[in-house]
Amino acid sequence: MDHNERLLIVDDDEMFCHVMQRALTRRGYEVSIAHDADAAMALVRQAPPDLATLDLKLEHSSGLKLLPELLTVAPDCRVVVLTGYSSIATAVEAIKLGAVNYLCKPVDADEIVTAFDRESGDPDIDIADNPPSINRVTWEHIQKVLQEHDGNISATARALGMHRRTLQRKLQKRPVRR
């Protein structure tokens, strides 16, 4: 399989980048890696990618903030947002900002390739029989309010009526399972 497409991986997890680069190169992609927003934009300006994976939570930035900037320079780039911190709010925002898909980590190269190739939604997707737990609903709400305040922890804490440090502790935890 020879795609001959330029694919940019933007993720601050070096091991993940290394594994994905090897797997996607074997599938015929020309892969570049950036570990932060500045490096990503330098690569995009140098050689606009056809495809990109973008980690939602970068060390000093947000993939949601990088997404519009990337698409301004490379408007035909198909972007898949990857995250270990998935929420409905961030999934909706990623799609509104121009991502073609949104995947929850852990993810493998085949899932990424499939996500790039999907042109439309899947009406046959499984719908959960049970509602999300109260902890998951709380976590989703915090993510929504955080997004509404552009990632500002202090403003989000004020809006939620909680201490900033309490919010920081909650945000450092892994997302609650459904």
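Net charge near I153, counting Lys/Arg +1 and Asp/Glu -1 over other residues with Cβ under 12 Å of its Cβ?
Once positives and negatives cancel, what remains is +4.
Measure off, as a whole percent, the carbon and sulfur share of the 1.4 Å-probe accessible area of the chain, all protein chains present.
That share works out to 50 percent.
Taking 8 Å as the Cα distance limit and 6 or more residues as the minimum spacing, I'd like the relative contact order of the chain as a percentage.
16 percent
Report D for the chain in µm² per second (integer): Stokes-Einstein, Kirkwood Rh on Cα pairs, 4 °C, 1.567 mPa s.
Calculated translational D: 75 µm²/s.
Please build a GNM for the chain, connecting alpha carbons under 10 Å apart, and tell me which residue among D12, D55, D38 fluctuates the most.
Comparing D12, D55, D38 in a Gaussian network model of the chain, the most mobile one is D38.
So which lysines can K173 reach, going by Cα to Cα under 25 Å and dropping same-chain residues fewer than 8 places off?
Hits, sequence-local ones excluded: K57, K65, K105, K144.
Between D38 and T25, what is 0.36 nm times their sequence separation minus the Cα-Cα distance? Round to one decimal in nm.
2.3 nm
If you roll a 1.4 Å probe over the heavy atoms of the protein chains, what accessible area per residue do you get for the chain, in Å²? Walk me through the numbers before you get to the answer.
Working: 10570 Å² over 178 residues.
That works out to 59 Å² for each residue.
What 222 nm value per residue comes from the helices of the chain, counting each DSSP H run with n ≥ 4 as -39,500 (n - 2.57) and dividing by all residues, nearest 500 deg cm²/dmol?
-14000 deg cm²/dmol
The values are calculated or read from the model by the stated rules, or taken from the named source; none is laboratory data. Remember, predicted model here, so these are calculated numbers, not experimental data. Please note: Cβ atoms are built from the backbone with ideal geometry, for glycine as well, and neighbour counts cover all protein chains shown. Just so you know, the surface numbers come from the protein's heavy atoms only, side chains and all, with ligands and any DNA or RNA stripped out. Shrake-Rupley method; radii C 1.70, N 1.55, O 1.52, S 1.80 Å.
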